[in-house]
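Peer 1: Below are the structure tokens for one structure; questions will follow.
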Amino acid sequence: MAPTYIDEIKKLKEEIDCLQQRIQYLQGKINRIQLQCKHIFLETTGMRTCQKCGFTESTYY
Ligand SMILES: [Zn+2]
């Protein structure tokens, strides 16, 4: 019988789905923290980074 990878791929894809949900959840947590933060920005060329929470934004307008 020829080996198939379908089951393995299916399992891996399920794992990816789980991880993507986890990423979304964690990203949401980061967003909430950064929303609450009273940013203290350190300016560098083209962008500034908050020293407290790591939030970055472009200073190109
Ligand atoms: Zn901040």
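Peer 1: So for the pair Ile40, Glu8, with labels modelled 7 Å out along Cα→Cβ, what separation do we get in nm?
Peer 2: About 5.1 nm, to one decimal.
Peer 1: How far is helix 6-36 tilted off the main Cα axis of the chain, in degrees rounded to 10, range 0 to 90?
Peer 2: With rounding to tens, the tilt is 20 degrees.
Peer 1: OK, next. Take peptides 21-29, 42-50 and line them up by average Cβ neighbours within 10 Å, highest first, as a rough protection proxy.
Peer 2: 42-50, 21-29
Peer 1: Roughly how big is the chain's charge dipole about its Cα centre, with Cβ charges of +1 (Lys, Arg) and -1 (Asp, Glu), in debye to the nearest 20?
Peer 2: 360 debye
Peer 1: Could you work out [θ]222 nm for the chain from helices alone, using -39500 (n - 2.57) per DSSP H run of at least four and dividing by all its residues? Round to the nearest 500 deg cm²/dmol.
Peer 2: It comes out at -18500 deg cm²/dmol, rounded to the nearest 500.
Peer 1: A follow-up question, please. Given H placed 1.01 Å from N in the peptide plane, which residues other than close sequence neighbours of Cys53 have an amide H under 5 Å from its amide H?
Peer 2: Those qualifying (amide H under 5 Å, at least 5 residues apart or on another chain) are Ile40.
Peer 1: From the phi of every residue in the stretch 45-58, what ³J(HN,Hα) in whole Hz does the Karplus formula 6.51 cos²θ - 1.76 cosθ + 1.60 yield, where θ is phi - 60° and glycine or proline is x?
Peer 2: 4, x, 7, 10, 10, 6, 6, 8, 10, x, 5, 10, 9, 6
Peer 1: Oh, and also: Would you work out the Kirkwood radius for the stretch 5-58? I mean one over the mean of 1/r across all pairs of different Cα atoms, in Å.
Peer 2: Roughly 13.5 Å, rounded to one decimal.
Read the figures in this text as sums done on the coordinates, not as results from a lab. What you are looking at is a predicted structure, and each value in this text was computed from that prediction instead of being measured. All Cβ positions, glycine included, derive from the backbone under ideal geometry; neighbour counts span all protein chains shown.
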